[in-house]
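Derivation of every value follows stated rules applied to the coordinates shown; laboratory data play no part. Because the structure is a prediction, the values reported are computed rather than measured. Because the Cβ atoms are built from the backbone with ideal geometry, glycine has one as well, and the counts that use them run over all protein chains shown.
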Amino acid sequence: MSETPHLVSVVIPAYNVRDVIDEQLGALAEQDYGGDFEVIVSDNGSTDGLREHLAGHPLRTALKLRCVDAARVRGASHARNVGAAAAEGDFLAFCDADDRVHSSWLRGLSEIGALTDAVSGPVETTSLNAPRIAESRPVRPPDEPYEFPGFLPFFLAGNCGIRRHAWERVGGYDESYTNGSEELDLAWRLQLAGYTIGHSPEAMLAYRLRDSYRAVWRQTVAYSVSQVRLTDEYRPYGLTKPYPLPLVLHAPILIVLLALRNPLLPRRLTQLPRGEWILNAAMLTGRIRGAITYRTWHA
C-alpha cells in the first residue's frame, strides 16, 4: 500500500563543513518535490563556526533548517542517529554536507519510499570531481540497484531514505562501524527484520570524492577493513566472501597483477588508470589488515 510521507526530514551529518555546505543547502532549496520537508544538520563537534553560520543562514526559513548537537561521540553514524532522533518527519532522507543533490532527489526518494520501507539512490562523480579523481571510483548506472554479490540489496549512507518506524525498530546505525560499511549493516538488518528496500534512479546525487590519491588510499583501506568485519558477521546469514579464492591464495595473485600494472610503467603497457590502480592496491591492503584485525580468512 502506498503511504506518502506527511513530512520528510533531511538529515545531514556535519563536521567542519562550513566551506562546502552552502552548495548542498542551495541544492535542497531547489528541489522539485511538492511535499513538506525540513533539514536537520547534525553537528559532530565542528570547530569552524558551522553552528553560527547556520544560525544566520539565508535559507534557514525556506528549508526549516535546524542544527542539532551531535558532538558527544565522533563519527558520522552517531551524527546521523542524533539527527534522526531530533527529526519530526515520518520519512528520513540522508545526504552528506559535501555532496550536491540533483533537483529530483527528494521526489525520487519519496515516491519510491511511499511503496517500500527504505530506498536507495544513485550517484554520479563527474560534476564535482576532477577527471583524474573520478576515474578512481567507477559508479553503477542510475537504474541499477546496489547489491552485494550473492546477498541482499543495500543503500549508500549519503543517499538513502528510510521510514521512521523501520529506523526505530532496528535502532538506526551501529556506531561501532567507524570506518565504513555501516550502511550495508543497516540495510541488511532492515531486511532481516522483514522490511523492504527499493531503488529510485531519479534520486541522483553528485558525490564528492577525496581530492588526492593519498586521501583515496586512506578511505579505501578503511572501508576494506570494515568490509572484512561485515563479511564475517553476516556469513551465518548466507553472505559469502566476494572473492572466489581465500585471501592467502588471492593476495599473491593480486600482488603480481598490481606489479605488472604499476602506474610507473607506460600506460600503453599497464592499460590501467593510476587512480584505479591505487584503488585496487588499497582494497588489497585493507583486506589483509582486516583479516589480521578480526582474525578471519573470510576476507
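General remarks:
- Estimated dipole of segment 8-206 in Debye, rounded to 20 [Cβ of Lys and Arg +1, of Asp and Glu -1, Cα centre]: 300
- Three-way shape label, segment 66-146, alpha-carbon gyration tensor, a/c 1.5: oblate
- Environment charge at Glu144 (Cβ cut-off 15 Å; Lys +1, Arg +1, Asp -1, Glu -1): -3
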